[in-house]
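Every number here is computed from the coordinates shown, using simple stated rules; none is lab data. What you see is a predicted model, and the numbers here were worked out from it, not measured in a lab. Please note: Cβ atoms are built from the backbone with ideal geometry, for glycine as well, and neighbour counts cover all protein chains shown.
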Amino acid sequence: MTNETPAGDGAEEILAVNDITVTYRRPGRSLLTAVDGVSLSLRRSEVLGLVGESGCGKSTTARAVCGLEPLTSGSVLFNGEPVSPLSMKRRPKHLLGIQMVFQNPYASLNPRRRIGSQIEDGLGLNRQRDAWNVNELLEKVGLHPSDRDKYPHQFSGGQRQRIAIARAIGTGPDLLIGDEPIASLDASLQQRVAALMRDLAIQAGSGLLFISHDLAIVRTIADRVAVMNRGIIEEEGPVDTVWRHPTSAYARRLLAAIPVADGLGKLPGLPTRRQN
């Protein structure tokens, strides 16, 4: 199950986002452009971080990539074929290789079905039928095989998120999208879940588009990063290059806002508590 091809210039491109725009018409008001001319690419066994402030268009971009949001212009190619908007019709077979992990895992799990059955649904889409089984996936995400007989409400938020990841990985996706998948988790779990998504995606030979406003975690798991602001990509490149030598003023401000522990039990910039 290990992948022998490292991400790099020779790795297979699985996602090409070409100058996409997503525009909404607000009742009685002017048009709102949520995504404005965004272009991205992603290769197999590569992690691309998409970062920016809340409301900058990250989630809209993710939804457009997987067909949940119709494009106003531009195109999205997955394995060289266009991504069509989701509809009531059956999803084209070639697009089943795109899987998404949402910020709210409970909303994506059926509360009336045991989690083992829901993970089995994903395994049914996997072209390599013997790549995983339910028990292996549960253990991979830090749960016990006996948990397969429980319902979603019997798990914590962090456990439900890991179940959602297990189900997505079980399909054998070529592209895994995490849309703020750690935002609702405890701080102690965020790094573990982010690293888990990276490890499982690379082990499966997938590409991972990881969307987050937590720049510190993105730096630890991503190969490349794209910085988004007001619907456009301000800067994109290898993580270390962007962190050490950001070229846009917005990227510099965003990176400068990352809290740094000073060993005194307080964040920089906060006033010192007065002693009585």
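What to note about this one:
- With the Kirkwood sum run over all distinct C-alpha pairs, segment 21-82 has a hydrodynamic radius of 13.0 Å.
- In terms of its Cα atoms, segment 1-125 spans 50, 45, 31 Å along the principal axes, sorted from long to short.
- Averaging Cα coordinates gives a centre for segment 168-196 and one for segment 147-164; these two points are 14 Å apart.
- In terms of its Cα atoms, the chain spans 56, 53, 47 Å along the principal axes, sorted from long to short.
- Dipole of the chain [Lys/Arg +1, Asp/Glu -1 at C-beta], most positive-end residue of I202, A62, P152: P152
- Relative contact order, percent, the chain [alpha-carbon distance under 8 Å, six or more residues apart]: 24
- Spatially near lysine pairs across the chain, Cα under 28 Å, sequence gap of 8 or more or different chains: 4
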